[in-house]
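Structure record follows, encoded as structure tokens.
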Amino acid sequence: MRVLSFCFLVFLSVLSSCSEEKKPATEATEPPKFSTPIHSFSRPNQAVVDHLNLDIHVDFESKKISGSATYDIRVTTGENRIIFDTRNLEIKSVSVDGVETKNWWLGPEQPFMGVPLEVEVTDSSKQVSISYATTSGAEALQWLSPQQTAGKEHPFLFTQSQAILARTWLPCQDSPGIRYTYEATVHVPKDLMALMSATNPTQLDTSGVYHFRMDQPIPSYLMALSVGNLEFESVGDRTGVYAEPSILATATYEFADMQKMLEAAEKLYGPYAWERYDVIVLPPSFPFGGMENPRLTFATPTILAGDRSLTALVAHELAHSWSGNLVTNSTWNDFWLNEGFTVYFERRIMEAVYGEDYANMLAILGWQDLEHTLEEFKDTPNDTKLKLDLMGRDPDDGMSDIAYEKGYFFLRTLEEQVGREKFDAFLLKHFTDNAFKTMDTERFLENLKRDLLDDSEEKYAGYKIHQWVYEPGLPSNVVNVGSSLFAQVEGQLDAFMSSNDVTAIDTANWTTHQWLHFLRKIPADVTLEQMSTLDKAYLFTSTGNSEIAAVWYELAIDRGYKAADPAIEQFLIRVGRRKFLTPLYSALIKADPTMERARMIYEKARPNYHSVSTNTLDELLQIEL
Ligand code: BES
Ligand code: ZN
């Protein structure tokens, strides 16, 4: 193996772009099929993958995945190389069309991007096979000890590939604009079950060997694997739940409405393209609420509230089966196309299943998140645009509530302007026409103009499209969402704040979302006595509802309400979901800028966190490693 110098790589790419530009204008040139990836070294217009055959061993002793990734490839005439992304991978050998070759090179490492693997091929090459192993730098992977699982007896492994971590567990062309089908053979310890974003087993196979197929082409960020002591239970004819045995019953109770959600989604925007929709409930260190791995959503156990009140998350990940997995953002600059559409679709599913009041409460809570994020980003207004410019930045930096909630309010505003019927017809066409394709912001806006909006100049300007997408902050035409349920909550909160008397207020039959609104609206000058009174009456500190806990704990830290301290520490040690951790650690730092308490807890908690969370928190807590 030779290490290719960076200069040579740059030289090659300059050469190839020059030769493209110098083609005579008269020559009929086919437009490039792929836009140039931003966060991938691959050059799909030169050579691209079509299908992957993955054969790997999962070894819990050495905490390594090793094996081979064999790709069917397509090489453009005249090109002589194919480039893959790798990061912290050990590349052992490479074959082209079944014959081992020495003509492959690793480029220099770049921060967060990793290392390009370039393989020499010819016009007629059909297959490249890469033998590799992961290392301790595999940031996608979290290897959990038995102690970190519900059952405490078996280890557990899960991956998190989005946005650009797939390359840390397999060599791949790691751009959302490149899709391929896959099959996989996965060898695991005989007492554990393996699951992927593919066809899945429902029972343990005591041979420890599992075969998977994903026949619909997907981008690499949707590659996923989970290995553990898992069982399956069906909740509908196309839906089911995987979880560790001790939480399976709780999980199936919580997700009983999944089939209804799936049917509601299909009624809105067309048939579900992935055959089955199952959810796996992971251990609490999973760094996200959910991840839309096709056929198998990965979910945090922190949504198991016991009363089905946090299942909008399932609707969200299910909605990605259309927005994201079927029509995929072309680059991470277009992330809002994935997430804004998904939040819109999620709330439409929730409205269809649970009614308008429910969906509007979700929208208002989302609005509050958006206001908060706009305030937080007031010194970096570029990050409040829908279309991002993440060139040279880690895509993880751009993934804020802006894509989700500004994206949602843009679409909801459009819906109100054109009427739901026309808007739904447009979205159905969008998903149908672009199924299994990628979409960028510019093409979406062209389609929007062509297929939906009144293009008389005056009317078009009224939509403020350019401002929504390319400018910071919020346009003045944003819809205003109201909720009489929340108005009632505010009335009761005022009554309490002026009377200090819980018997004077009516909270009967309040749902989780009403409580969340109540807690978020508690004024910053609430006294410790008032907090204590509320806590005694409503048991916030010991709540089993993670969303309620997270808001209450943040308030407790801000106000110095010490009675919650032990519960806060336990929560931070048990839960690895970044959305909860960042605000809580930030509050701890604000309350004690020496960071003594924050770092004391972090030291205990960090071994339980996935790299996605530790990367953010190491920075927040200024931890030097
Ligand atoms: N695809 C995202 C998670 C993600 C985003 C992972 C960017 C890596 C990079 C997922 O669909 C998501 O949005 N999860 C949310 C759920 C919520 C909005 C209902 C989460 O994890 O909190
Ligand atoms: Zn999402």
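Every read-out reported here was derived from the displayed coordinates using simple, explicitly stated rules and does not represent laboratory data. Everything numeric here is computed off the predicted structure, so don't read it as measured data. Cβ placement follows ideal geometry from the backbone for every residue including glycine, while neighbour counts extend to all protein chains displayed.
Before moving on, here are some points about what is shown:
- Debye-formula intensities of region 490-620, expressed as log10 I(q)/I(0) at q = 0.15, 0.16, 0.20 Å⁻¹, are -0.71, -0.80, -1.14 (one equal scatterer per alpha-carbon, no solvent).
- Antiparallel bridge percentage (DSSP; both residues within region 7-229; nearest 5): 90
- The spacing between region 151-177 and region 46-95, judged by their C-alpha centroids, is 14 Å.
- Long-range amide H partners of residue 286 with built H, under 5 Å: 576
- What the phi angles of region 248-255 give under the Karplus curve with 6.51, -1.76 and 1.60, with θ = phi - 60°, is a coupling list of 4, 5, 4, 5, 5, 4, 4, 9 Hz, glycine and proline written as x.
- Extended-chain gain in nm, criterion 0.36 nm per residue less alpha-carbon gap, residue 461 and residue 435: 6.4 nm
- Amide H within-cut-off set for residue 218, under 5 Å, with H built and near neighbours excluded: 180, 181
- Sequence-separation-based contact order of region 490-620, relative, with Cα cut under 8 Å and 6+ spacing, percent: 19
- Theoretical FRET efficiency, 1/(1+(r/R0)^6), r = Cβ-Cβ of residue 145 and residue 603, R0 25 Å, to 0.05: 0.90
- Rounded to whole numbers, the Karplus 3J(HN,Hα) couplings from phi for region 74-83 are 10, 10, 6, 3, x, 8, 10, 7, 10, 10 Hz, using 6.51 cos²θ - 1.76 cosθ + 1.60 with θ = phi - 60°, and x at Gly and Pro.
- 3J(HN,Hα) along region 557-565: 5, 4, 8, x, 7, 5, 4, 8, 3 Hz, from the Karplus curve 6.51 cos²θ - 1.76 cosθ + 1.60 with θ = phi - 60°, whole Hz, x for Gly and Pro.
- Annotation: Cα Rg of region 60-182 relative to the compact-globule expectation 2.2 N^0.38 Å equals 1.17.
- Surrounding net charge for residue 423, when Lys and Arg each add one and Asp and Glu each subtract one, Cβ distance under 12 Å: 0
- For the chain: relative contact order, % (alpha-carbon pairs under 8 angstrom, 6 or more apart): 10
- Environment charge of residue 242, counting only residues whose C-beta is closer than 10 Å and scoring Lys/Arg +1, Asp/Glu -1: -4
- Degrees separating the helix 335-354 axis from the principal Cα axis of the chain, which is the longest one: 50
- Seen against the Cα atoms of the chain and their longest principal axis, helix 6-21 is set at about 80 degrees.
- Nearest 10 degrees, 0 to 90: helix 407-418 Cα axis against the chain principal axis: 80
- Kirkwood-type hydrodynamic radius, the chain: 25.9 Å, calculated from all non-identical alpha-carbon pairs.
- Distant-in-sequence amide contacts of residue 101, defined by a placed amide H-H separation under 5 Å and a gap of 5 or more residues or a different chain, comprise 94, 95, 96.
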